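A.B. asks: I am attaching a structure below and will ask some questions about it afterwards.
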Amino acid sequence: MDPGVRNVGAARGMAGMRWRAVRLYATARLRHAFLHTLLRGVSRDRLSLLGEEYFHYVLRAAASREAAEGVDRSGASGERVVLVGQL
């Protein structure tokens, strides 16, 4: 195979990967801006309640039983629980 052809293929592959990364970044920024617009003006108490509801109805259902029990134990003992994740 001609080395020039391989380099062109590699360059196209890299360009495609860069384009996908830009699209994913733009999509994440739009999603963030949309959520910010929806939640603008909502009180901290209401946001806290929404977070608790999201945990109980979505995250807890997806988590393992042991993980959910650990979060419950920590909250019951008065510890502050912060869940960090990636979309």
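The values are calculated or read from the model by the stated rules, or taken from the named source; none is laboratory data. These numbers were taken from a predicted model, which means no experiment stands behind them. Methodologically, a virtual Cβ is constructed for each residue, glycine included, from the backbone with ideal geometry; neighbour enumeration extends over all protein chains shown.
A.B. asks: Does residue 62 qualify as being surrounded by 11 or more Cβ atoms within 10 Å (Cβ to Cβ), within 18 Å of residue 85 (Cβ to Cβ) and assigned by TED's automatic domain parsing to the domain that holds residue 85?
C.D. replies: Here the answer is no, as residue 62 does not meet what is asked.
A.B. asks: Taking the range 52-87 as the search range and keeping residues that are of a type outside the set (A, V, I, L, M) and part of a loop (DSSP other than H, G, I, E, B), which one is farthest from residue 27 (Cα to Cα)?
C.D. replies: 77
A.B. asks: Here is a follow-up. Sort through 35, 49 and tell me the only one that's over 14 Å from residue 85 (Cβ atoms), part of a helix (DSSP H, G or I) and not assigned by TED's automatic domain parsing to the domain that holds residue 82. Talk me through it step by step, then tell me what you get.
C.D. replies: Working: 49 fails: not assigned by TED's automatic domain parsing to the domain that holds residue 82.
Unique residue meeting the criteria: 35.
A.B. asks: Condition check: surrounded by 11 or more Cβ atoms within 10 Å (Cβ to Cβ) and at pLDDT 80 or above. Does residue 75 satisfy that?
C.D. replies: yes
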